[in-house]
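Quick notes on the structure that follows.
The values are calculated or read from the model by the stated rules, or taken from the named source; none is laboratory data. Since the structure is predicted, the reported quantities are computational estimates derived from the model, not experimental observations. Cβ coordinates were reconstructed from backbone atoms using ideal geometry, including for glycine residues, and neighbour counts include every protein chain displayed. With ligands, DNA and RNA removed, areas are computed over all heavy atoms of the protein, side chains included. Shrake-Rupley method; radii C 1.70, N 1.55, O 1.52, S 1.80 Å.
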Number of protein chains: 2
Amino acid sequence: MAAKQQARQTQKSAARAENERAILAAAEEVFAESGFRGATTGMIAERAGLPKANLHYYFPTKEALYRKVVEHIFTIWLDAANSFDENDDPVEALTAYISTKMDISRAHPMGSKVWANEILHKAPVIQDYLETTLRSWTSSRVAVIDRWVAEGRIAPVNGEYLLYMIWATTQHYADFNHQIDTLNGGAPLSDAQFEEAKQTVVRIVLAGIGAVPAAPGGEGSQA
Amino acid sequence: MAAKQQARQTQKSAARAENERAILAAAEEVFAESGFRGATTGMIAERAGLPKANLHYYFPTKEALYRKVVEHIFTIWLDAANSFDENDDPVEALTAYISTKMDISRAHPMGSKVWANEILHKAPVIQDYLETTLRSWTSSRVAVIDRWVAEGRIAPVNGEYLLYMIWATTQHYADFNHQIDTLNGGAPLSDAQFEEAKQTVVRIVLAGIGAVPAAPGGEGSQA
DNA sequence: AGAAAACCTGACCAAATGGTCAAATCGAGC
DNA sequence: GCTCGATTTGACCATTTGGTCAGGTTTTCT
């Protein structure tokens, strides 16, 4: 008992933590589906299973809640970003990065959609992230790509545009999943289909920049 | 005079045509920036330079106006789609298609954003287009890609996922142009930069699927 | 010129929505 | 079992917004 109380004392009660979690989860869904303006605090409260007034007890304004959601998404994004650096070999690094981004698109499509909505609406909330964290991350990774080119490990390519292609393609599987599902006969991609999509993206990018894994068997698989 | 009147009689007066054009142009911008729910008829009317009540004289409801905007965008999309068929050579066809889609992203970023917003919000208005026109267009082009593969003109690749990659990447330059501008130091890509981006996309896709233009000089440019 | 049709707009309305508040309830420590 | 702060919530309010309407103006047709 005493230990339990002690644990709860750690800042916020269990009930509070649970409520905040439920609200944030509901908010991510609703913001993703409806955008900032399209989402209503009433919808979010309902999906979280509590009255609107209670939601405003935890998050004073709709914008404060939205900011928390966006910050959470940015955290996930940073995790993916790290996978770029796990290996200095272009094949390994890009394969890991693309795979991670694809997995995130499958596991957290809502987060990706909120991000997309933000950019579409000129990033009223995350503009500072774009100008600081994202900009510095991007320029340093472009430097890595430039080095790979200089070392002859990949064909000459503009690093920014390569990264944009990877971002666009991987995030497409989250942001446009409704279109993909519709073209797939109305059903979401199966695990096997998604795996094939992931492999397709990896292969096209790697072959596209002439990054071959050790043995030059790249074109050997051709029929 | 008589001739002028005759010309005006052709369905709608010049004033009417001009007003409708101004409203639709303003609506496309506002819907792109703010989404369906975020846009207000007041904002659209103001940007079009006429009172809100007048806007409602031309377009009875906000949704009717939105539908017209979306239909216009779909028309543009269909034009781009045709460029895929101008040539049966994979290099020619894909180069033309990617180039056209990139040009549209630069010329009509607002339209692309409205489309993206629609998909993000589960396509409440264009679902029927997705299930009919887009679905049949896609499956017939996938058949073309499959044939190219069977004929050994490109490496084995899943046609759907290749198309998704092209759509994602080209539309990224419209939908995420705010992010791209920010990473470009706050300024839009210059014509030269955009041209390089376009060439980068074309090259990566073509090399990525092993589509080489006649002479096998693909990897020769490597340092 | 004059009637009819088309067009324009300020004023207005009902519904939706973000946010507030006071009163009620709960829960831990004494 | 009583106190006090934390939590919960129904009722309420000010603002925004899609849409209406009556009356005025312009254009077209004869």
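Couple of notes before you dig in:
- Extreme residue, positive dipole direction of the protein assembly as shown, given options A:TYR129, B:ASN54, B:LEU24 (C-beta unit charges): B:ASN54
- Those GluC sites (Glu not before Pro) in segment A:53-88 that DSSP places in a loop and that have at most 16 other beta carbons within 10 Å: A:GLU86
- Rounded to the nearest 10 Å², the accessible area of A:TYR58 at probe 1.4 Å: 40 Å²
- Net charge, B:HIS72 excluded, C-beta distance under 12 Å - Lys, Arg +1, Asp, Glu -1: -1
- Normalised contact order of chain B, rounded percent, pairs of Cα under 8 Å and 6 or more residues apart: 19 percent
- Peptide B:106-118 is shielded by partner chain Cβ atoms: per residue, an average of 2 of them sit within 10 Å of its Cβ.
- ³J(HN,Hα) computed for each position of segment A:189-206 - Karplus, 6.51 cos²θ - 1.76 cosθ + 1.60, integer Hz, glycine/proline x: 4, 6, 4, 5, 4, 5, 4, 5, 4, 4, 4, 4, 4, 4, 5, 5, 5, 5
- Theoretical ellipticity at 222 nm over chain B - DSSP helices of four or more residues, -39500 (n - 2.57) apiece, nearest 500: -23000 deg cm²/dmol
- Within the shell of other residues whose beta carbon sits under 13 angstrom from the beta carbon of B:GLY42, the net charge comes to +2, with Lys and Arg scored +1 and Asp and Glu -1.
- Computed over the protein assembly as shown, Kirkwood Rh from alpha-carbon pairs, angstrom: 23.9 Å
- The other copies place their B:LYS122 label points at 3.0 nm from this one, listed shortest first, where each point is 7 Å from Cα along Cα→Cβ.
- Among the residues of A:123-136, the average count of other protein chain beta-carbon atoms within 10 Å of the residue beta-carbon is 2.
- Distances between equivalent label points of A:ASN87 across the copies, with each point positioned 7 Å along Cα→Cβ, amount to 3.7 nm, shortest listed first.
- Sorted shortest first, the separations between the B:HIS56 label point and its copies elsewhere in the assembly read 2.8 nm; each point sits 7 Å from Cα along the Cα-to-Cβ line.
- Computed magnitude of the charge dipole of chain A (debye, nearest 20; Cβ of K, R +1, Cβ of D, E -1): 980 debye
- What separates the Cα centres of segment B:61-113 and segment A:174-194 is a distance of 22 Å.
- Summed residue charge, Cβ within 12 Å of A:PHE176's Cβ, Lys/Arg positive, Asp/Glu negative: -2
- Note on segment B:41-114: dipole from Cβ charges, positive end direction compared against B:GLY111, B:MET43, B:TYR97; the farthest Cα belongs to B:MET43.
- Integer Hz, Karplus 6.51/-1.76/1.60 couplings in order for segment B:106-123, x for Gly and Pro: 7, 7, 10, x, 5, x, 4, 5, 4, 4, 4, 4, 4, 5, 4, 9, 6, 6
- In terms of the mean number of neighbouring beta-carbon atoms within 10 Å, the peptides A:90-96, A:115-121 order highest first as A:115-121, A:90-96.
- Vicinal HN-Hα couplings computed from phi for segment A:16-29 (Karplus, 6.51 cos²θ - 1.76 cosθ + 1.60; Hz; Gly/Pro x): 4, 4, 5, 5, 4, 4, 4, 5, 5, 5, 5, 5, 4, 4
- Pair-distance profile P(r), taking every C-alpha pair of segment B:99-223, with 10 angstrom steps and integer %: 11, 33, 33, 20, 3, 0
- For the pair A and B, the buried accessible area comes to roughly 5400 Å² in total, with a 1.4 Å probe and the value rounded to the nearest 100.
- Only protein atoms count toward the accessible area here, which uses a 1.4 Å probe; on segment A:67-208, the carbon and sulfur part of that area reaches 52 percent.
- Mean Cα-pair separation over length for segment A:13-60, i.e. relative contact order, pairs under 8 Å, 6 or more apart, %: 33 percent
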